[in-house]
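The values are calculated or read from the model by the stated rules, or taken from the named source; none is laboratory data. It should be emphasised that the depicted structure is a prediction, and the values quoted were computed from it without experimental measurement. Cβ placement follows ideal geometry from the backbone for every residue including glycine, while neighbour counts extend to all protein chains displayed. Accessible surface is based on the protein model in full, side chains and every heavy atom, while ligands, DNA and RNA are left aside. Shrake-Rupley method; radii C 1.70, N 1.55, O 1.52, S 1.80 Å.
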Amino acid sequence: MLVEVSQSYRQSIVETVAHFTGKRIELDSIQDYKNQGGWNNDWALSQKIASDLGVALPFDQVVEKFNEFFLGRNGDGLILREQWLPEATLLQRLNQTRDLAIFTGRDRYELDLTLRRFVPGICFAPSICAEDVERGKPAPDGLIAIQRARPDARLWFVGDTVDDARSARAAGVPFVGIAAGMENRSDDLLALFRKEEAVAIIDNVNQIETVIA
C-alpha cells in the first residue's frame, strides 16, 4: 500500500527460488499465488514455490537465503529498490486530522529501515509487525491489536492483497483495496476485493482522501 515491492520482496522470491531450483519464475506467477490467499509471508511462499518445482527445503534455509537477497548486508540488498508510493505531503495531510497505524507482515527491522528512509518524520502508532502477533494475515490479530490500542477510533484498513482484505473482514474493519493498474493480475485482484466486500477500491494510495473524506 505504501511501497511498491515488485523489485524488492517479490524479486527476492524470484532469486531465492532460482538459487535453490535453477528455475526463474515470473512476477505474474507470484501474483497468482498471492491471489489464492494465505501467502502473505514471502519466506513461506518461496518455500512453497520451490516445493511445487520439485525442491523441498527447510524453512530456516529459505529464510536465510531470502534475507541475503532482500536485506543484503546491513540493509543494502534489494530492499533499496523499493519505491515509495504516497505523494510528498499525503501522509502529513492525513496526520493533521487522523492517527496513522500500520499492520504489516514485515519484521520490525525491515519496517524501520523503510520508514526511516522515506518518512522519518511520520509517526505510526501503533505499528504492528510480524513478531507482534501470533498469526499473520489473513488472520485479524494485528487489526484487533490496533483496535485495542485505539478503542474509540473508527478504523479503516487500506491494503493491496486479498489477505489484507480478509484480515479486515475478519476484524470487522472497513477495507479499502488498492488494485493498481501496474499490478500483475490486477483484474483478478479487483474481483477478489469485490468478493471480500471492500468498501472502496482505488488505483493508488494517493486517492485515499477521496474515500475517507
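With label points built 7 Å along Cα→Cβ from the Cα atoms of ARG154 and LYS23, find their separation and express it in nm. Placing both labels 7 Å beyond Cα along the Cβ direction yields 4.9 nm. Calculated accessible area for the range 1-95 comes out at 48 Å² per residue, all protein chains present (probe 1.4 Å; ligands, DNA, RNA ignored).
Return the label of the correct value of mean projected area of the Cα convex hull in nm², as calculated from the structure shown, out of (i) 11.3; (ii) 17.9; (iii) 13.7. Answer label, from the structure shown: (i).
Quick one: length gained pulling ARG116 to ARG135 fully straight, 0.36 nm per residue minus the C-alpha distance?
Full extension of this stretch gives 4.2 nm more.
Atom-type composition of the exposed protein surface of the chain places 47 percent of the accessible area on carbon and sulfur (1.4 angstrom probe). Maximal additional length on extending the TYR109-TYR33 stretch stands at 24.8 nm, based on 0.36 nm per residue less the C-alpha distance. Here r is the Cβ-Cβ distance between GLN83 and ASN206 and R0 is 22 Å; the resulting FRET efficiency, rounded to 0.05, is 0.95. Given springs between every Cα pair under 10 Å in a Gaussian network model of the chain, which of ALA139, ALA125, ALA179 has the largest fluctuation? Judging by the Gaussian network model, the answer is ALA125.
With contacts taken as Cα pairs under 8 Å at a separation of at least 6 residues, the range 1-123 carries a relative contact order of 31 percent.
Over 21 Å between Cα atoms, which of LYS23/LYS48; LYS23/LYS137; LYS48/LYS137 qualify? From LYS23/LYS48; LYS23/LYS137; LYS48/LYS137, over 21 Å: LYS23/LYS137. Multiplying the residue separation of ARG194 and ASP52 by 0.36 nm and subtracting their alpha-carbon distance yields 48.2 nm.
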